[in-house]
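So the structure is just underneath, and the comments pick up after that.
The values are calculated or read from the model by the stated rules, or taken from the named source; none is laboratory data. Please read all numbers here as calculations on a predicted model, not as lab measurements. A quick note on method: Cβ atoms are made from the backbone with ideal geometry, for glycine too, and the neighbour counts reach across all protein chains shown. Only protein heavy atoms, including side chains, enter the accessible area calculation; ligands, DNA and RNA are left aside. Shrake-Rupley method; radii C 1.70, N 1.55, O 1.52, S 1.80 Å.
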Amino acid sequence: MTRPEQNVPDQRPERSARERTAPEQSAPERTAPEPRAADQRVPDVFDPRIYAAGLPHDAFRELRDHHPVAWQQEYEVLGWPAGPGFWAVTRHADVVRVLKDSQTFSSHLGATQIRDPAPADLPFIRRMMLNQDPPGHGRLRRLVSRAFTPERIDRFAAAARARARQLLAATRDMGPVVDLVSAVTDDYALLNLADLLGVPTSDRSLLLKWTERVIAYQDPDEPPVLGPDGLPVNPRSPAMLQEMFTYAQELAAYKRRSPADDVMTSLAQSELSGAELEMFFFLLTVAGNDTVRSAAPGGFLTLAQHPDEQRRLRAGEADLDRAVDELLRRHPPVLSFRRTATRDTQLAGQQIPTGDKVVVFHASANYDERVFDAPYGLDLGRSPNPHVSFGDGPHVCLGAHFARLQLRVLYEEARELLPPLVTAGPPRRLVSNFINGIKSLPLTAA
């Protein structure tokens with residue numbers, strides 16, 4: 001087998017016939033990969049520690065130009081065991097194809113995280129809408145869409161604006177240097193989500209705890225929980241999510257007794273089963289919080305790094321809706337998502353066998369020179385702007401409207417309340433190959 005453009009041997013290790021067939025209702029069986037020398041021609045974009053220094057633009061460009069579908073070793077790192085490896089998809093057109101073609105690239109077979117879940121956990125993890133394929137995925141999406149409507153979200157705009165004003169105004173009394181993450185963006189995202197869901201004020205800190213446990217599991221600042229075998233426990237496993245699920249059922253029971261205009265009331269009164277409701281609460285808590293929590297500081301950092309475009313925004317010369325999308329393109333909240341090949345197929349000239357993991361890198365696709373002019377620059381008026389920060393296809397982000405609304409409101413209020421911002425030191429980034437998080441962002445007035 002030859003790889004496209006380079007005429008070099010296929011990078012993937014040989015596997016048995018048993019491994020090349022994905023069972024219809026279970027994750028593909030795999031054995032531990034045989035040790036082999038790394039291919040120095042193919043950049044590594046798997047290691048979560050890479051992303052603590054920012055997006056690896058040089059590596060992504062090399063992959064897009066010469067190895068658009070490249071085999072990646074999945075070695076032991078940060079205490080997490082080795083896996084069988086995966087195909088990294090980095091060009092925009094190929095990322096979109098994978099995301100749209102759920103018949104060939106399944107979310108259900110092995111779920112959507114790079115690392116394979118434990119076989120015993122897989123049926124549980126598949127209950128989440130994110131880890132399902134049509135038609136079952138469509139049924140769940142339609143049910144929850146009735147609660148997660150643009151009209152309901154828009155009614156939260158006034159509360160989000162008041163919260164943005166309060167948080168931003170408070171930074172003026174914090175001295176010349178402010179960590180915008182701890183002072184503004186973490187609370188802004190969390191409290192807006194709590195309002196939308198209808199979580200009582202006294203319980204809102206629980207949402208942050210649960211989000212940190214799931215999102216930051218690769219980061220040394222969030223030490224993993226170890227199982228009896230001494231290995232880290234998957235934060236998405238039943239044991240790790242039981243506390244959140246118990247709370248979801250208690251909150252749903254309360255909303256049935258005391259309904260309100262919030263998402264949890266709608267879900268509690270819907271046709272969702274108890275297990276489906278638990279998974280939706282998990283999905284909305286984690287994804288609904290961390291999308292804005294990651295995108296907002298990334299947007300502010302990008303503006304601080306591009307003073308000319310920041311001046312355009314402050315002067316009202318840039319359309320805010322386009323600006324929000326350009327900042328999302330530059331700093332996508334999610335770095336990657338995984339699919340599993342349901343059949344032998346070909347992508348960008350590379351043969352992909354049944355059962356192989358296929359990981360799309362949004363953070364690369366958003367900078368693809370084949371789609372975006374001057375992708376490493378910032379153009380707040382960019383149009384069209386087909387970024388994939390919210391995904392594409394049947395799994396396009398259900399809360400994209402809510403996220404855009406929050407970001408627009410926050411940037412509007414910052415334009416009015418804060419002086420021009422410049423960086424006062426390097427940001428501290430999350431160690432993760434999944435979430436493009438910023439843990440600290442020191443900014444100062446220009």
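A straight chain from ASP308 to ALA120 at 0.36 nm per residue would run longer than the Cα-Cα distance by 62.4 nm. Per-residue Karplus couplings for region 300-312, computed as 6.51 cos²θ - 1.76 cosθ + 1.60 with θ equal to phi - 60°, are listed in order as 5, 4, 4, 5, 5, 7, 10, x, 5, 5, 4, 5, 4 Hz, Gly and Pro entered as x.
Its alpha carbons give region 43-108 an Rg and a Dmax of 13.1, 36 Å.
Quote to one decimal, in nm, the extra length available between VAL396 and GLN166 on full extension: 0.36 nm per residue of separation minus the C-alpha distance between them. Don't skip to the end; give the middle numbers.
Details: separation 230, 0.36 × 230 = 82.80 nm, distance 3.19 nm.
Here the answer is 79.6 nm.
The alpha-carbon of LYS209 sits under 23 angstrom from the alpha-carbons of these lysines, leaving out residues fewer than 8 places away in its chain: LYS255, LYS439.
The label-point distance for ASP321 and ALA253, in a model that sets each label 7 Å from Cα toward Cβ, rounds to 4.5 nm. Here, region 174-227 is characterised by an Rg to Rh ratio of 1.06, where Rg is the alpha-carbon radius of gyration and Rh the Kirkwood radius. Each 20 Å bin from zero holds the following percent of Cα-Cα pairs in the chain: 25, 58, 17, 0.
For region 288-331, taking the reciprocal of the average inverse distance between every pair of different Cα atoms yields a Kirkwood hydrodynamic radius of 10.7 Å.
Within region 341-446, the proportion of C-alpha pairs whose separation exceeds 22 Å stands at 55%. For VAL358, nonlocal amide neighbours, meaning residues 5 or more places apart or on other chains whose placed amide H falls under 5 Å from its own, are TRP87, ARG339, THR340, ALA341. Among LYS100, LYS357, LYS209, the sequence by solvent-accessible area, most first, with a 1.4 Å probe is LYS100, LYS209, LYS357. Only protein heavy atoms count here; on that basis, with a 1.4 Å probe, GLU317 has an accessible area of about 120 Å².
With θ taken as phi - 60° and the Karplus curve 6.51 cos²θ - 1.76 cosθ + 1.60 applied, the whole-hertz 3J(HN,Hα) list for region 138-144 is x, 4, 5, 5, 5, 4, 6 Hz, x standing for glycine and proline. Between the alpha-carbon centers of region 325-343 and region 395-446, tell me the distance in whole angstrom. Taking the Cα centre of each part, region 325-343 and region 395-446 sit 18 Å apart. Accessible area per residue for region 207-266 is 47 Å², calculated with a 1.4 Å probe on protein heavy atoms, without ligands, DNA or RNA.
Of the residues ILE50, ILE352, the one with the largest accessible area comes first in the ranking ILE50, ILE352, computed with a 1.4 Å probe on protein heavy atoms. Projecting the Cα atoms of LEU313, HIS67, LEU267 onto the charge dipole of the chain, computed from C-beta unit charges around the Cα centre, puts LEU267 farthest toward the positive end.
Of all the options PRO220, PRO84, PRO353, the one that moves most in a Gaussian network model of the chain with Cα springs shorter than 10 angstrom is PRO220. The fraction of all Cα pairs in region 62-171 landing in successive 10 Å bins from 0 to the largest distance is 11, 25, 27, 23, 15, 0, given as whole percents.
Ordering PHE372, PHE337 by accessible surface, largest first, gives PHE337, PHE372; the 1.4 Å probe counts only protein heavy atoms, with every chain in place. Shape class for region 122-209: prolate, because the ratio a/c of the largest to smallest gyration tensor axis (alpha-carbon atoms, square roots of eigenvalues) is 1.5 or more and a/b beats b/c. Projected onto their three principal axes, the Cα atoms of region 79-141 cover extents of 33, 30, 16 Å, largest first. A crude spin-label estimate for the pair ALA93 and VAL77, with each label 7 Å from Cα along the Cβ direction, gives 2.9 nm.
Where does the charge balance sit around GLN249 when Lys and Arg score +1, Asp and Glu -1, over other residues with C-beta under 15 Å from its C-beta? Working shown, then result.
Details: positive: ARG127, LYS255, ARG256, ARG257; negative: ASP203, GLU243, GLU250, GLU276, GLU278.
Net charge in that neighbourhood comes out at -1.
In the neighborhood of ASN234, defined by Cβ-to-Cβ distances under 9 Å, what is the net charge if each Lys or Arg adds +1 and each Asp or Glu adds -1? Local net charge: +1.
Just to be sure I follow: if Rg is taken over the C-alpha atoms of region 310-358 and Rh is the Kirkwood radius over the same atoms, what is Rg/Rh? Could the numbers behind the result be given before it?
Values: Rg = 19.2 Å, Rh = 14.1 Å.
In region 310-358, Rg relative to Rh is 1.36.
Counting only lysines at least 8 places from LYS357 when in the same chain, those with an alpha carbon closer than 25 Å to its own are LYS100. Here the label points at GLN351 and ASP65, each 7 Å from Cα along the C-beta direction, are separated by 2.9 nm in the simple model. The fraction of all Cα pairs in region 200-328 landing in successive 5 Å bins from 0 to the largest distance is 2, 9, 15, 15, 13, 12, 11, 11, 7, 4, 1, 0, given as whole percents. The helix-based estimate of mean residue ellipticity at 222 nm for the chain, built from -39,500 (n - 2.57) per DSSP H run of four or more residues and divided by its residue count, is -12000 deg cm²/dmol to the nearest 500.
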